[in-house]
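The values are calculated or read from the model by the stated rules, or taken from the named source; none is laboratory data. All values reported here derive from a predicted model rather than from experimental measurement. Every residue, glycine among them, receives a Cβ derived from its backbone with ideal geometry; neighbour counts consider all protein chains shown. The accessibility values were calculated without ligands, DNA or RNA, using every heavy atom of the protein model including side chains. Shrake-Rupley method; radii C 1.70, N 1.55, O 1.52, S 1.80 Å.
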Amino acid sequence: MNREFLGELISEALAVFIIIAFGDSVAAMYLLYDPSPYLHAYWGVCIVWGLGVTVAIYATGSVSGTHANPAVTLALATYRAFPWKKVIPYWVAQIVGGFLGAALVYALYYPVINHFNDLHQMTRVGGGGMGVFFTSPAPGITVWHAFSDEIILTAILVFGIFAITEQYNEMAPGANFGALIIGFLVAAIGASMGYLEAWAINPARDLGPRLFAYIAGWHGSALPAMGHYWWVPIAGPLIGGVLGATAYEYLIYPFLPAQLRAQKARQGKIGEEGVIIVE
């Protein structure tokens, strides 16, 4: 493994680590305290998750591009010429980052988790405090409905990322402002649809902390989880990411004026006097 590729993997692990360090911490504050500081300010939870994404992009984007999400990596490999040979290593690095981020949050909050479970006569095996680390469907949401939700929510996310980062999109934010807008996009998805099943929209965001929680005593509540839910935040986002990228590539990209101008320039013909003729 060359030094450059090693740096990319470290960057991806750190990006997810940062996201989970902020995101799972705010989940702990939302869930474990009574009264919750976010009881009537759920938007604050969403903003923290979004700003975690923004910080991760600013910190690591120059090294790896900050995919920080297996669904994004898969979409970029499908439509943006990201090397397929790097997909699995990126996924592994992202999951490792999620695992380590959850370990940090646990180190900070384990006394509060224990107090919460004692106060409510709950256990880790029974799921007490599990919402700090990994997602689960809300009451009334079936496993298969959650699966379709994750497809749709991740499609929205990746569609937005493609639009925000598209070089031919003349309405895209400039001057490295895209990282903040992507963070706001994550926050907006959470604020409008997050209560369905805690808007994983990222297999590494769920699987990394879920693996840590399994080791830390949640056992069956983490894996396979009630209703064997564990696969939903993995498969749903991977499918949704490709669908969102496909929608952008076929519904928006072919009609971008700047892209059409560039395409015409590439198709220009050389006239008799060496002048490029654009048809």
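Out of curiosity, is residue 137 over 26 Å from residue 180 (Cβ atoms), in contact with an Asp or Glu (Cβ under 7 Å, 6 or more places away or on another chain) and open to solvent by 30 Å² or more (accessible area, probe 1.4 Å)? So residue 137 fits the description; yes. Among residues of the stretch 150-166 that are farther than 22 Å from residue 206 by Cα, those with a Cβ under 8 angstrom from a residue that is open to solvent by less than 10 Å² (accessible area, probe 1.4 Å), sequence gap 6+ or separate chain, pair up as 162/75; 162/244; 162/245; 162/248; 163/248; 166/248.
Would you be able to tell me the number of residues in the stretch 222-236 that are open to solvent by less than 10 Å² (accessible area, probe 1.4 Å) and either in contact with a His (Cβ under 7 Å, 6 or more places away or on another chain) or within 16 Å of residue 141 (Cβ to Cβ) (or both)?
Selection size over the stretch 222-236: 4.
Here residue 62 passes the criteria (1) free of Cβ contacts under 8 Å to residues at least 40 places away in the same chain; (2) open to solvent by 50 Å² or more (accessible area, probe 1.4 Å); (3) touching a helix residue (DSSP H, G or I) at 6+ places or on another chain (Cβ under 9 Å); (4) farther than 18 Å from residue 11 by Cα except the one numbered (4). The single residue among 75, 27, 56 that is more than 18 Å from residue 157 (Cβ to Cβ), modelled with pLDDT of 95 or more, of a type in the set (Gly, Ala, Ser) and under 17 Å from the mean Cα position of the chain (by Cα) turns out to be 27.
Could you tell me which residue of the stretch 177-193 is surrounded by the fewest Cβ atoms within 10 Å (Cβ to Cβ), considering only residues that are in contact (Cβ under 8 Å) with a residue 12 or more places away in the chain and over 19 Å from residue 72 (Cα atoms)? Among residues in the stretch 177-193 that are in contact (Cβ under 8 Å) with a residue 12 or more places away in the chain and over 19 Å from residue 72 (Cα atoms), the one surrounded by the fewest Cβ atoms within 10 Å (Cβ to Cβ) is 193.
Among the residues making up the stretch 237-257, those that are open to solvent by 60 Å² or more (accessible area, probe 1.4 Å) and farther than 22 Å from residue 138 by Cα are 243, 250, 251, 252, 255, 257.
Would you check if residue 27 is surrounded by 24 or more Cβ atoms within 10 Å (Cβ to Cβ) and closer than 24 Å to residue 118 by Cβ? Steps first, please.
Numbers: surrounded by 24 or more Cβ atoms within 10 Å (Cβ to Cβ): yes; closer than 24 Å to residue 118 by Cβ: yes.
Considered against the rule, which asks whether it is surrounded by 24 or more Cβ atoms within 10 Å (Cβ to Cβ) and closer than 24 Å to residue 118 by Cβ, residue 27 comes out as yes.
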